[in-house]
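Single-structure report; data block below.
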Amino acid sequence: MKKRNSTFSEGGHYAADLDAAPGERYDAELEELIRKLLLRLKEDPEREGLRRTPLRVAKALDFLTGGYGMTVQDVVRDAVFEEQCEEMVIVKDIEFYSLCEHHVLPFFGKAHVAYLPDRKVIGLSKVARIIDVFARRLQVQERLTNQAADAMMEIMQPHGVAVIMEASHLCMMMRGVQKQNSSAITSAMRGTFRENARTRSELMDLIRR
């Protein structure tokens with residue numbers, strides 16, 4: 001059985017290789033479960049279009065849940081720098097994809113992350129990496145938002161952190177109420193962003209631009 005690899009790489013992938021080569025085995029146990037699922041759905045896993053589907057799905061799930069094998073420290077590394085900066089920093093429109101833990105269907109959207117530094121700044125790309133650490137797990141949007149905010153507070157120790165996430169949920173769009181134009185917005189405010197209405201207002205004005 002090929003060892004599953006969910007480690008962080010500079011290329012931004014958390015599974016080593018998403019291709020499905022003929023005859024390859026990646027995770028035999030997981031692939032067999034997916035094969036049984038196909039049979040349960042009254043499909044034929046031996047037909048041409050499905051022969052390598054168990055392998056592909058196993059790799060895709062490893063990729064999409066790679067956050068379980070990562071920590072914030074893994075992705076941030078040494079990218080926190082001493083800097084005499086106390087002005088608001090915002091990283092807008094961070095695309096993210098996650099899996100709803102209730103139906104294992106995707107939800108996806110954009111995150112806005114802001115912080116008020118206390119003599120420390122972080123590499124901007126690392127903010128997006130922090131979102132990925134928690135998005136690449138079975139999730140609910142509310143928890144994901146809070147986890148990202150708490151991680152930023154822990155790693156940066158800033159005056160405040162704000163995380164705002166807007167997402168579309170396929171569990172609402174494809175099944176259930178089937179509302180294709182619905183979206184969910186969640187926010188987590190820490191420190192000055194929670195305590196000071198003027199700071200929150202400034203943040204919202206900047207995000208809307």
Which ³J(HN,Hα) values in Hz, rounded to whole numbers, follow from the phi angles of region 136-141 under the Karplus curve 6.51 cos²θ - 1.76 cosθ + 1.60, where θ = phi - 60° and Gly and Pro get x? 8, 8, 5, 9, 10, 4
Describe numerically, in nm with one decimal, the distance between label points set 7 Å from Cα along Cα→Cβ at residue 51 and at residue 80. 5.2
Fewest first, what order do 98, 182, 168 take by the number of other Cβ atoms within 10 Å? 182, 168, 98
Counting only backbone N atoms under 13 Å from a point 7 Å out along Cα-to-Cβ of residue 24, the residues of region 35-59 in range are 52-59
Report the gain in length on full extension from residue 103 to residue 68: 0.36 nm times residue separation, minus Cα-Cα distance, nm rounded to one decimal. 10.8 nm
Pairing the Cα long axis of helix 124-135 with the longest principal axis of the chain, what angle in degrees results, from 0 to 90 and rounded to the nearest 10? 50
Choose one answer from 24, 166, 48: the residue with the largest mean-square fluctuation in a GNM of the chain with alpha-carbon springs under 10 Å. 48
Under Stokes-Einstein, region 73-208 at 25 °C and 0.890 mPa s, with its Kirkwood radius over C-alpha pairs, diffuses with a coefficient in µm²/s of 160
Considering only the other residues whose Cβ falls under 10 Å of the Cβ of residue 70, what net charge follows from Lys and Arg at +1 and Asp and Glu at -1? +1
Measuring from a point 7 Å past the Cα of residue 32 along Cα-to-C-beta, which residues in region 39-59 have an amide N at less than 20 Å? 39-47, 51-59
Could you run the Karplus curve 6.51 cos²θ - 1.76 cosθ + 1.60 with θ = phi - 60° over region 108-115 and give me ³J(HN,Hα) per residue in whole Hz, x for Gly and Pro? 8, x, 10, 10, 10, 10, 10, 8
Cα long-axis angle, helix 28-40 against the chain (0 to 90 degrees, to the nearest 10): 70
Can you tell me which of 178, 141, 73 moves the most in a GNM of the chain? Springs connect C-alpha atoms under 10 Å apart. 178
Just to confirm my numbers, what's the Cα centroid distance between region 36-61 and region 115-149 in Å? 34
Applied in sequence order to region 78-94, the curve 6.51 cos²θ - 1.76 cosθ + 1.60 (Karplus, θ = phi - 60°) yields integer Hz couplings, x standing for Gly and Pro, of 9, 8, 10, 10, 5, 7, 7, 10, 10, 8, 4, 10, 10, 10, 9, 6, 7
So which residue, out of 52, 198, 143, gets the largest mean-square fluctuation from a GNM of the chain using Cα contacts under 10 Å as springs? 198
If R0 is 22 Å, what FRET efficiency do you get for residue 120 and residue 150 from their C-beta distance, rounded to 0.05? 0.85
Rounded to the nearest 500, what is the 222 nm mean residue ellipticity of the chain from helices alone, with -39500 (n - 2.57) per DSSP H run of 4+ residues and division by all residues? -11000 deg cm²/dmol
Sorting 112, 103 on the 10 Å Cβ count, fewest up front, what's the list? 103, 112
Please order 172, 152, 204 by the number of other Cβ within 10 Å, starting at the fewest. 204, 172, 152
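Read-outs throughout are calculated quantities, based only on the coordinates presented, and are distinct from any laboratory measurement. Here the structure is a predicted model, which is why all the values come from computation and not from measurement. Note that each Cβ is placed from the backbone with ideal geometry, even for glycine, and that neighbours are counted across all protein chains shown.
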